[in-house]
1. So is CYS214 assigned by TED's automatic domain parsing to the domain that holds LEU303, in contact with a Pro (Cβ under 6 Å, 6 or more places away or on another chain) and closer than 23 Å to HIS305 by Cβ or not?
2. Does ASP314 satisfy being modelled with pLDDT of 95 or more, within 23 Å of GLY259 (Cα to Cα) and touching a Leu at 6+ places or on another chain (Cβ under 7 Å)?
3. Determine whether the range 237-251 contains at least one residue that is surrounded by 20 or more Cβ atoms within 10 Å (Cβ to Cβ), closer than 21 Å to THR217 by Cα and charged (D, E, K, R).
4. Filter the range 153-174 for residues that are at pLDDT below 95 and touching an Asp or Glu at 6+ places or on another chain (Cβ under 6 Å) and give the result.
5. Among the residues of the range 140-174, write down those that are crowded, with 21+ Cβ neighbours inside 10 Å and in a loop (DSSP other than H, G, I, E, B).
6. Among (1) surrounded by fewer than 18 Cβ atoms within 10 Å (Cβ to Cβ); (2) touching a residue at least 40 places away in the same chain (Cβ under 8 Å), which single condition is ALA177 missing?
Amino acid sequence: MFSRHLTKDISAYCHGELSSEDSKQFAEHIIACARCRTKFEEVKLGIKLAEQLPQLSAPDHLWHDLQPLLTNEPPQINLRSRRHPRIQLAAAAALLLIASASGLWLFNRPPSRPYWQVRRLDGTPRIGREGISNNGQLAIGQWLETDGSSRAQIAVGTIGNVDIDENTRVRLLETRATEHRLELARGKMSARIWAPPRLFFVDTPSAVAADLGCAYTLEVDDRGGGLLRVTSGWVALQLKDRESIVPAGAACETRPGIGPGTPYFEDSTTIFREALKKLNFENDSSALTSVLEQARSRDTLTLWHLLARVSEEDRVRVYEKMAAFTPPPAGVTREGVLQLDQKALESWRHALESTWMIMGGKGVFKK
């Protein structure tokens, strides 16, 4: 369907008017095509701005003059009008404002499905107090809960599916053109999303998971701690100004009040992972020595994230270990990295990604 650029389908995608298969093809194209991805971001920004517009009203007599503008008919101008020129200018400005707002309203029409479909997989999942015998609808603000013998699957509009495991509690927070958002209070969910980046979010007690086109599992324990495992693509974990970018094959833990730790590949050594946990969540700076000793070339994923999270003195040690594996690319200096220059860090990250994905999954996305 999408062998060429697909700008004409962006609005239909945003408003849930494409089939699941066409939505998946759309997302795959957007991830690979920089031109269409740029246009998509422009449209998404336009929708966000339109959502913030106030509701406008106007005197009834202005609609008679506005109608030709909306239907592209040439307006009839009364040359004998006795209106003062300034009044006529104000009326014209009002017509222009109303026409613009009307156009944005049409552009920002509500999505065709203000709820998500839920399918029972096992047992009797509940939406609110009502059990689901087969299928149900999850509206904004409603909770979906499973017990020890029930599971369910949520259709996230037309952009993917989320499987809800036993003993899990999730709530639909938002579903609109520019944002689809769940809250995972406890339990485990598995998401398969084929949306363009940063359209699907999951709030947890200790971080927000932002989908970058991927498949992943997300768990929340009774204390609010989380564990993200990515099987395809990328996921960003965020809390305030802290962000961890997690690729396929990697995992990342989160803690309430701290946010996401540094991501790590699950085939790293036990010593590496245990030392990293102490460094992330126990403020044990001595654990950095074990992390650096156990690090492999691929573990520069972890080291890159640590650059901004350790002291200036330890940052030198992390830099030297990374540079021994993969020197910074042309234009990226040691001084720039140690000063946490954002452009330098991003350039080095992109150069490192091929190493991170040697054993990773599909769907690499460049931010």
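The values are calculated or read from the model by the stated rules, or taken from the named source; none is laboratory data. Note that the structure is predicted; figures quoted are calculated from it, not measured. So basically every Cβ, Gly included, is an ideal-geometry build from the backbone, and we count neighbours across all protein chains shown.
1. no
2. The answer is yes for ASP314.
3. no
4. Those that are at pLDDT below 95 and touching an Asp or Glu at 6+ places or on another chain (Cβ under 6 Å): none in the range 153-174.
5. Listed by number, the residues that qualify are THR146, SER150, VAL156, GLY157, THR158, ILE159, THR168.
6. So ALA177 meets the others, but not (1).
Listed here are the residues, each with its yes/no results for (1) assigned to a helix (DSSP H, G or I); (2) without any contact (Cβ under 8 Å) to a residue 60 or more places away in the chain; (3) among the basic types (Lys, Arg).
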| residue | (1), (2), (3) |
| --- | --- |
| THR254 | no, yes, no |
| SER268 | no, yes, no |
| ARG273 | yes, yes, yes |
| SER286 | yes, yes, no |
| VAL291 | yes, yes, no |
| VAL310 | no, yes, no |
| LYS321 | yes, yes, yes |
| VAL337 | yes, yes, no |
| LEU352 | yes, yes, no |
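Yes/no matrix, rows are residues, columns are (1) more than 18 Å from GLY259 (Cα to Cα); (2) assigned by TED's automatic domain parsing to the domain that holds LEU303; (3) modelled with pLDDT of 90 or more:
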| residue | (1), (2), (3) |
| --- | --- |
| ARG176 | yes, yes, no |
| HIS180 | yes, yes, yes |
| LEU184 | no, yes, yes |
| ARG192 | yes, yes, yes |
| ARG198 | yes, yes, no |
| VAL202 | no, yes, yes |
| ALA210 | no, yes, yes |
| GLN238 | no, yes, yes |
